[in-house]
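The values are calculated or read from the model by the stated rules, or taken from the named source; none is laboratory data. Note that the structure is predicted; figures quoted are calculated from it, not measured. Positions of Cβ are generated from backbone atoms using ideal geometry, with glycine treated the same way; all protein chains shown enter the neighbour counts.
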């Protein structure tokens, strides 16, 4: 259930979900409330008054002064909330800066992914066979094929090539008196023969499931679909067990070169997939062997590791993958819990660092079939970028570095409990409002927090466009640290482990490099086809990270281009969505191989234009402010 | 080197090979020589005189009387040999009956199998790839495919679906600086894509081998072929290690139903195949992994056991095989020593008891493409019969019983050392001439010996057409035994183990049933299509047994039809020949699946016409003597 919160005196309204935290809601709405402790209730600063809808608040009762701590309140009804002004010594209220925050387009995903049909690549058919007799002792398989072809005179005969199925066939046919259900995988092209992948006794047509799997470097996400209805039955996510052998793809490649390393990494990712399978199957009480096929996508390193294909040459120039098309694999053959005949499909890769996850994402949003010029972005340690439309597509990976995942940032961390994920700064007092994940005491900064912090510091004039602190500012939170100047986000007394949590100039530098690489990537790809940002009809953000990005702030720091906000879309786990659609719609399934072939990879690492663009982008938001007209206007207003 | 032997006074000439035994040669020529001990040199009866060509004989020198023992002589030159007459007490020579013996047509196999082309279904291509660069970092596989397609614009792209090949590919390509040899399996049909089954570093096009395997119930025969030349490089035979779990297919099926039995039987036949592979590879010093593909044929039980497909229902009415087409299997997946990508093809079966070996034999002799009406026969425990031509083919199995393999015969044995394989009887003295395998003392009777014995006894008037001894005959070798009357082939003093070796009326009855079942099978099949024996253009004998059959004698007892002797052919191990040709000629390879489909199986076991024909055939040669005009004439002359 949704509720409206109307914040005063800012006169900002925001729609939140039942149970949302009031402090978080204020931060998302761009409403500044003093808050030092991240939401843990200890600093006692985040006082608000409920003007209307007192019953719509769950949490400790208001104090004698009528105020409540916003961080302790969860929302259960429509509210009008007053945030007290900060009052100056002279009795005047401090000015409140009107904020613009913007989550990325809430327009439905269906607008992006288009229509799809419930017509899965696997189908079950219930058949009643004539029992054999001495005058008709046709072999079991040929009897089955005859029943399949019955009444279909020009059908191509299905294929059936897995010995294990033949081993079971005589018994399955006789188990329920020659009543069987055949599971068929339809041909790669419509003129190709279907393939019988399982035969089950009796009528099992009501059980037809597919599994979509996004195999990420960090997490593996699975989605169980009922292919009779197209419904999502269950979803599950697990950390990729390979993590213990390296955080990122490069360290995984290095580990794979050790004796036994490749096998170990394969084993770990298979184990993770099996965890996901067990979880989704358990939640709907089916057996893993009821899953009829598996569609997976992962980056090139993950794909090669899953199949134990040595990724050595992915890392060495000139960065050659072993194959773009991944061989069709029987899931059970690599240890995945599945019926022995069940196929595991992997989306094809384009290049060493533009993998099947990106192809699946592009496939999900159908940019290869749309006239709209689209910039598709997946931000992470390796940012992947695709530009194009139905006529052409160019793609590239840029090694943004791990800043957006907390790497190379002094107090950087993944988006876990206690990570600062939202931040506001009071424009005059320069005091922070910090919001952490799970409203815990702060212990670090995650990617979305970092973007918030940097854009807020920039807009508040605490740092300059080079990411340096304004030396002339004197403030208790700004100080000289080991790594240059820093701003104290949380004092040790308010933090989880008692240390001051800061952001320093080295952190700022790393962030600028990361966002600069992404931006230079967009520009290089666009330029290579003679286009500019203004030609873009759509910018699609894929990946988990995109969900938490505040669009205005990401543009403010130059991570995203400064174009019409209506053109931005958030697609979520596009890779999983691509797999999901391919599971359900044979038309999409059959075209998936084409998507990768339509994408032309550009290696940026040794591209001189990329280097130029990169150097120019090492500025907040950019050295060429004409590229960021709205940011320019905002900064000039300060 | 061949030599001619001219036997006198019979005036019979025979061509023999260098080193052949003189007694065996005489027996094959139909020349009677007294010989009790099988050729061991102990009875000292087989005296002959070399009239011309003394230098052409190797063996002990002649005795003082100028005679030599034929069984101790081997032939090394043209000879004229005198066989002394048996002289009656009155000084007159006993009459010598002119004999007709006839090995089956010596016409070359090529007349039967037709032309074939050296154009194997696998081919190797040596390629030099462009090394990758930053401007061309196409994935390894796609780079390889590009090189394969080079200069071939409308080629279908080869497929490549085995993960293990991809695992090796990056290293193989780089091992010899982007020079590689691809091994491709050509498409099942010409319009189907080729399939890459191996990639080897450098130029290995000179090494291209294929293995033909006939998987018999008793023996497994392998033939290694150089596919670059079509030459046979090596052959090897091993007893099927399954034998310890049962002599015949029925006992194997029974064993397979025990816990672990199926796996055990699969393991044993795989082990046998591996022995054969090791033997042929060792003899030409190649590795099993140099074999590029394997074409095998076996009866339906052998085929199913090889793939661990339970043969239970093959034995239970209505005798339903699991599949006629056997799934394409990676040889290594069932434990066969081979490169992991190498395919093991199995000829399709037609019915539970008409298997891939018969299909391969029919395929070898191309009866499915010839206008000549052909009777194809494989005599054994399960006799298989195929009748037809290019327009239609009918086939059947008849359970002849094990008589031809020595089963159910008191002194029956397989064709091993000491088995009586040839036999003549003196028409007046009724004394035997016995020839054993390896010229050892006799220890039993093998199939060809049995046919010789029965036909000789019949023609000599020792037994009647019902297979009963003529009670009025008085002879030291004819006596009443435990199982009715019997004829002593060898006295205990001359035999290997000291026992008298006999043939009795129960043996005769079993032989009559066996040959009766075969003959009834021919007749039932022919009748079902409105034909008679006189319509037959060819009778082709396949299988090991056929090599040793004396045509006249087989016709005499009614095992083979009494038609023009010129129409009989012996094809040898037709199953292995079929595999061999399919290995070498893609045209033949591609049509092999059609052969089985063209064959219509008839179940004889419950066919009333078969039973009638069978009852009528329980006679030597048959109750209807008009079916055996030449035998009738011979018997009437007596």
| field | Qualifying residues in the stretch A:590-624 (those that are within 13 Å of another protein chain (Cβ to nearest Cβ) and farther than 30 Å from residue A:116 by Cα) - the one surrounded by the fewest Cβ atoms within 10 Å (Cβ to Cβ) | value | A:608
| remark: Those residues of the stretch B:111-139 which are in a loop (DSSP other than H, G, I, E, B), within 51 Å of the chain's Cα centre (by Cα) and more than 8 Å from chain A (Cβ to nearest Cβ) amount to B:114, B:115, B:116, B:117, B:118, B:120, B:121, B:129
| Unmet criterion (only one of (1) at pLDDT 95 or above; (2) within 29 Å of residue A:213 (Cα to Cα)) for residue A:613 | (2)
| query | With respect to the numbered conditions (1) at pLDDT 95 or above; (2) farther than 30 Å from residue B:574 by Cβ, which one is the sole condition not fulfilled by residue B:163? | reply | (1)
| query | Within the stretch B:221-232, restricting attention to residues that are surrounded by fewer than 17 Cβ atoms within 10 Å (Cβ to Cβ) and either free of Cβ contacts under 8 Å to residues at least 60 places away in the same chain or touching a strand residue (DSSP E or B) at 6+ places or on another chain (Cβ under 9 Å) (or both), which residue is nearest to residue B:544 (Cα to Cα)? | reply | B:232
| request: Run residue B:188 past the list (1) within 13 Å of chain A (Cβ to nearest Cβ); (2) buried (at least 18 other Cβ atoms within 10 Å of the Cβ); (3) closer than 30 Å to residue B:354 by Cα and report the number of the one that doesn't hold. | output: (2)
| said: Could you go through the stretch B:229-243 and let me know if any residue there is in a helix (DSSP H, G or I), in the same structural domain as residue B:312 (by TED's automatic domain parsing), at pLDDT below 95 and under 25 Å from the mean Cα position of the chain (by Cα). | reply: yes
| note | By residue number, the members of the stretch A:398-418 that are over 18 Å from the mean Cα position of the chain (by Cα) and buried (at least 19 other Cβ atoms within 10 Å of the Cβ) are A:409, A:411, A:412, A:418
| Positions within the stretch A:346-382 being surrounded by fewer than 24 Cβ atoms within 10 Å (Cβ to Cβ) and over 28 Å from residue A:247 (Cβ atoms), in sequence order | A:366, A:368, A:369, A:370, A:371, A:372, A:373
| task | Would you tally the residues in the stretch B:390-406 being in a loop (DSSP other than H, G, I, E, B) and in contact (Cβ under 8 Å) with a residue 60 or more places away in the chain? | result | 3
| Close pairs (8 angstrom Cβ cut-off, 6 or more residues apart or separate chains): at positive phi in the stretch A:624-638, part of a helix (DSSP H, G or I) and buried (at least 16 other Cβ atoms within 10 Å of the Cβ) anywhere | none
| task | Tell me, yes or no, whether the stretch B:146-156 has at least one residue that is assigned to a helix (DSSP H, G or I), within 30 Å of residue A:605 (Cα to Cα) and either at pLDDT 85 or above or in the same structural domain as residue B:193 (by TED's automatic domain parsing) (or both). | result | yes
| task | State whether the residues of the stretch B:161-183 include one that is in contact with a helix residue (DSSP H, G or I) (Cβ under 7 Å, 6 or more places away or on another chain), facing chain A (nearest Cβ under 9 Å) and either under 26 Å from residue B:591 (Cβ atoms) or in a loop (DSSP other than H, G, I, E, B) (or both). | result | no
| request: Tell me which residues, restricted to the stretch B:419-443, are crowded, with 19+ Cβ neighbours inside 10 Å and assigned to a helix (DSSP H, G or I). | output: B:437, B:439
| Filtered residue count, the stretch A:149-160, keeping only those that are surrounded by 14 or more Cβ atoms within 10 Å (Cβ to Cβ) and away from chain B (no Cβ under 14 Å) | 1
| remark: Picking from B:528, B:495, the residue that is farther than 23 Å from residue B:424 by Cα, touching a strand residue (DSSP E or B) at 6+ places or on another chain (Cβ under 8 Å) and at pLDDT below 95 would be B:528
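For the condition at pLDDT below 90, touching a strand residue (DSSP E or B) at 6+ places or on another chain (Cβ under 8 Å) and either surrounded by 18 or more Cβ atoms within 10 Å (Cβ to Cβ) or closer than 25 Å to residue B:428 by Cβ (or both), what is the one hit in B:59, B:66, B:39?
Values: B:59 fails: either surrounded by 18 or more Cβ atoms within 10 Å (Cβ to Cβ) or closer than 25 Å to residue B:428 by Cβ (or both); B:66 fails: either surrounded by 18 or more Cβ atoms within 10 Å (Cβ to Cβ) or closer than 25 Å to residue B:428 by Cβ (or both).
Testing whether each residue is at pLDDT below 90, touching a strand residue (DSSP E or B) at 6+ places or on another chain (Cβ under 8 Å) and either surrounded by 18 or more Cβ atoms within 10 Å (Cβ to Cβ) or closer than 25 Å to residue B:428 by Cβ (or both) leaves just B:39.
Tell me the strands (runs of 3 or more DSSP E) entirely within the stretch A:444-535 that contain at least 3 residues that are over 26 Å from residue A:383 (Cα atoms). Give the derivation first.
Working: elements: A:478-481, A:484-490, A:501-504.
Per the criteria, A:478-481, A:484-490.
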| said: Of the residues B:394, B:400, only one is more than 14 Å from chain A (Cβ to nearest Cβ), more than 24 Å from residue B:580 (Cβ to Cβ) and modelled with pLDDT of 95 or more; which? | reply: B:394
